[in-house]
Structure formats: C-alpha cells, structure tokens
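Let me begin by presenting the structure, written as structure tokens, before commenting on it.
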Amino acid sequence: MDVSEVSHLGGLLSRSVQPQEQRWGAPAVFMSSKRKRSDVSSMNGGGEGENRGAAASLPTQTPARKHNGFVMIDGHRGVYYSESWKPNGSTLYLPVRGSVLANMDKYDQISFEQGCFCIGDETGRFQQKAQGQAINCWRYSEQDRKLFVSLSYFFTNCQVFQEVLNSLECL
C-alpha cells in the first residue's frame with residue numbers, strides 16, 4: 001500500500017479503494033467510507049471477553065404495543081376494583097385477583113382520583129380505608145343519556161399506578 005493511498009482523518013486511518021484495483025486475486029470490493037460499529041456485540045448481550053456492562057445498562061423491557069386497547073393490571077401488587085362506584089367516597093373496592101387485561105377501548109372517558117378509599121376482602125366485607133389513586137372508566141348510557149362509572153380501579157401501590165398510566169399513554 002502506498003502512502004498516497006492512506007489519509008489521516010481525525011485520528012482514524014482511511015484507505016481509498018480504486019474500482020479497478022484487485023488484491024490477492026479477489027474482485028474489487030466497494031466498501032462504505034464509514035467505519036463499522038465496535039459496540040454492536042456488546043449491545044446484543046456481549047460476546048466472549050467483551051464488556052457486558054454496557055448491555056446490562058440497556059432497558060430490557062419491550063416497548064408497549066400501541067393501539068391495541070388493552071392495559072395489563074397486576075392484581076398481586078395492591079390493586080382493587082369496583083363495579084358500583086359512588087361519588088361520595090363510599091365505594092367499596094375489592095382486590096383484583098391475578099393479572100387482568102383491561103380493554104380500555106370500550107370506555108368513553110377515563111378520569112383519575114387521589115385520596116382515601118374503602119377497601120374490602122374477597123367476600124366484600126370492609127377491611128380499612130387506604131390512601132391511593134383511582135382510575136374511573138366511564139361509559140355513556142343511551143337510556144339515561146349521561147355518563148356513568150362502569151368500572152373503577154384503585155391502586156395502593158404508586159409504582160403499579162405509574163405502570164398503568166404509562167400503558168394508557170401508549171393507547
């Protein structure tokens with residue numbers, strides 16, 4: 001290789017390849033002038049002897065699917081529901097069992113509340129009042145010609161509430 005074929009660009013060495021040039025009997029190869037990324041394997045989980053710390057710092061959660069209308073609610077983490085919401089704060093919320101996929105497309109409006117709410121056990125008996133956030137799912141009644149809360153979720157765990165809010169933003 002001649003010195004005339006090599007240029008020094010910002011600390012990187014670049015070699016210009018002539019189209020008719022052939023080396024070692026191989027056909028001429030046209031390469032991009034960009035250099036290859038050296039961090040690709042570490043982004044994909046790292047290879048042998050490579051730095052795996054960079055891959056560990058990347059988020060592992062898959063992005064939420066948009067426009068499917070469903071929101072995952074994890075009932076094992078302080079989530080309650082009620083299908084008989086009362087505006088005076090006397091709604092009794094029952095525990096959500098397991099994980100629930102809530103179809104938010106069937107509601108006309110969604111509102112949020114924060115405060116002290118009544119929670120009960122699986123049998124519907126009052127247990128205590130608890131501080132938290134609620135999501136009210138409203139539907140329109142053709143018969144009554146007004147909106148009503150058809151389902152309400154109450155969250156005592158702020159982190160779970162934030163996860164649901166993030167999922168709602170993706171809808």
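The values are calculated or read from the model by the stated rules, or taken from the named source; none is laboratory data. This is a predicted model, so every value here is computed, not measured. When we count neighbours, we look across all protein chains shown, and the Cβ atoms used for this are built from the backbone with ideal geometry, even at glycine. All accessible areas refer to the heavy atoms of the entire protein, side chains included, with ligands and DNA or RNA removed. Shrake-Rupley method; radii C 1.70, N 1.55, O 1.52, S 1.80 Å.
Being outside any strand (DSSP E or B), modelled with pLDDT of 90 or more, more than 21 Å from L147 (Cβ to Cβ) and open to solvent by 50 Å² or more (accessible area, probe 1.4 Å) is the requirement here; does R65 meet it?
Values: outside any strand (DSSP E or B): yes; modelled with pLDDT of 90 or more: no; more than 21 Å from L147 (Cβ to Cβ): yes; open to solvent by 50 Å² or more (accessible area, probe 1.4 Å): yes.
Here the answer is no, as R65 does not meet what is asked.
Here's the yes/no breakdown for (1) in contact with a strand residue (DSSP E or B) (Cβ under 7 Å, 6 or more places away or on another chain); (2) open to solvent by less than 100 Å² (accessible area, probe 1.4 Å); (3) at pLDDT below 90:
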site: Q18; (1), (2), (3): no, yes, yes
site: K36; (1), (2), (3): no, no, yes
site: M43; (1), (2), (3): no, yes, yes
site: A102; (1), (2), (3): yes, yes, no
site: G120; (1), (2), (3): yes, yes, no
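What pairs can you find where one residue is in segment 108-130 and in contact (Cβ under 8 Å) with a residue 12 or more places away in the chain, the other is loosely packed, with under 12 Cβ neighbours inside 10 Å and hydroxyl-bearing (S, T, Y), and their Cβ atoms are less than 7 Å apart, with a gap of 6+ or different chains?
C118/S90
Looking at segment 139-170, which of its residues are more than 16 Å from P87 (Cβ to Cβ), open to solvent by less than 80 Å² (accessible area, probe 1.4 Å) and more than 20 Å from the chain's Cα centre (by Cα)?
T156
Only one of these conditions is not met by G132: (1) open to solvent by less than 100 Å² (accessible area, probe 1.4 Å); (2) at pLDDT below 90. Which number is it?
That leaves (2) as the condition not met.
Check every one of the strands (runs of 3 or more DSSP E) wholly within segment 77-154 and list those with 1 or more residues that are closer than 19 Å to E169 by Cβ and out of contact with any helix residue (DSSP H, G or I) (no Cβ under 9 Å at 6 or more places or on another chain). It would help to see each step written out before you state the result.
Numbers: elements: 79-82, 92-95, 99-103, 109-120, 126-141.
Qualifying strands (runs of 3 or more DSSP E): 99-103, 109-120, 126-141.
I need every pair where a residue in segment 74-94 that is within 12 Å of E122 (Cα to Cα) and at pLDDT 90 or above has its Cβ under 6 Å from the Cβ of a residue that is polar (S, T, N, Q) and open to solvent by 60 Å² or more (accessible area, probe 1.4 Å), sequence separation at least 6 or different chains.
Listed pairs, sorted by first residue: none to list.
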